[in-house]
Amino acid sequence: MFDSISLHGIWSWISYENQHIILKFIRKYLKPNGIVYISYNCVTGWAANMPIRELFHSNFKFNSKSTNPLQKVNEALNFSEELLKQNPIFAQRNPNALQKVIDLKQQNPNYLIHEYLNQDWQCFSFQQVVRILDEIKLSYAGSTDLGTHLDNINFSEEHQQFLNAIEHPIFKEQCRDYFANTQFRRDLFIRGKNNLTPLQVQAKLRKNSICASNSQRAITE
């Protein structure tokens, strides 16, 4: 039995069958009050670029004449760029599409193979992941990306007021992804979540010492 199980850079790049196997493993081997860390591509920030990935991947798989993977990447990128330069209706409706391909051409081809060219590649909304993990009795605990919690930095005062008016915590978190255009989420889920009272939260925070420098923030318990 495990206190924690971590899935980093896995969930969006495996088949539904393998996702089901992982869920069965978690259901069987995660302890009560255990935590699961899961990272995944978020559909909110990826929505405009998902067709670009599909074009890139389809050319890599079906149209390339080369047997060298790195050469196939270059061919796929060049084809995608040439297609979008024809200004099809998709490019007219998505004016940033061509720039996305141009930006991809600056990336390391090995990274592109790993990130974009797996056989399986999926994006998920936050509420989809919540629903999937709820089926194995896990509930959302929070994001491990501490920067996303800094509303005063990430959102305007008007945006904060809008978000704070949303009562349901899951729906509120889903809406936050629209304001932040979130591409990648790093979430914690817990089995048997016990919410702390405001006084308990304050007591735990008082036990932490916070050190600040010009370049980074460190929190130690």
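Things to note:
A quick yes/no check of all residues on (1) among the polar types (S, T, N, Q); (2) within 15 Å of the chain's Cα centre (by Cα):
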| residue | (1), (2) |
| --- | --- |
| Ser80 | yes, no |
| Tyr111 | no, no |
| Cys123 | no, yes |
| Val129 | no, yes |
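- Subset of the range 100-115 [open to solvent by less than 90 Å² (accessible area, probe 1.4 Å), without any contact (Cβ under 8 Å) to a residue 24 or more places away in the chain and assigned to a helix (DSSP H, G or I)]: Ile102, Asp103, Glu115
- Filtered residues of the range 116-135 (kept if aliphatic (A, V, I, L, M), closer than 20 Å to His20 by Cβ and crowded, with 18+ Cβ neighbours inside 10 Å): Val129, Val130, Leu133
- Pairing residues of the range 119-144 that are without any contact (Cβ under 8 Å) to a residue 60 or more places away in the chain with residues that are part of a loop (DSSP other than H, G, I, E, B), at Cβ distances under 9 Å and at least 6 apart in sequence or on separate chains, gives Ser139/Gly192; Ser139/Lys193; Tyr140/Lys193.
- Whichever residue in the range 39-78 is under 27 Å from the mean Cα position of the chain (by Cα) and of a type in the set (Val, Ile, Thr) and, among such residues, is farthest from Pro109 (Cα to Cα): Thr44
- Filter pass, Tyr40 being closer than 17 Å to Asp187 by Cα and modelled with pLDDT of 95 or more: yes
- Selection of helices (runs of 4 or more DSSP H) fully inside the range 44-96 by the criterion of at least 3 residues being modelled with pLDDT of 90 or more and within 30 Å of Lys172 (Cα to Cα) returns 50-58.
- Within the range 33-54, tally of residues that are open to solvent by 40 Å² or more (accessible area, probe 1.4 Å) and under 19 Å from Val101 (Cα atoms): 6
- Pairs with Cβ under 7 Å, 6+ apart, first in the range 33-50 and within 17 Å of Arg93 (Cβ to Cβ), second open to solvent by 10 Å² or more (accessible area, probe 1.4 Å): Trp46/Cys123; Trp46/Gln183; Ala48/Asn94; Ala48/Asn96; Asn49/Lys100; Met50/Cys123
The values are calculated or read from the model by the stated rules, or taken from the named source; none is laboratory data. The structure presented is a predicted model; accordingly, all values stated were derived computationally and were not measured. Here Cβ is always computed from backbone atoms with ideal geometry, including for glycine, and neighbour counts include all displayed protein chains. Protein only, heavy atoms only, side chains kept; ligands, DNA and RNA dropped before computing areas. Shrake-Rupley method; radii C 1.70, N 1.55, O 1.52, S 1.80 Å.
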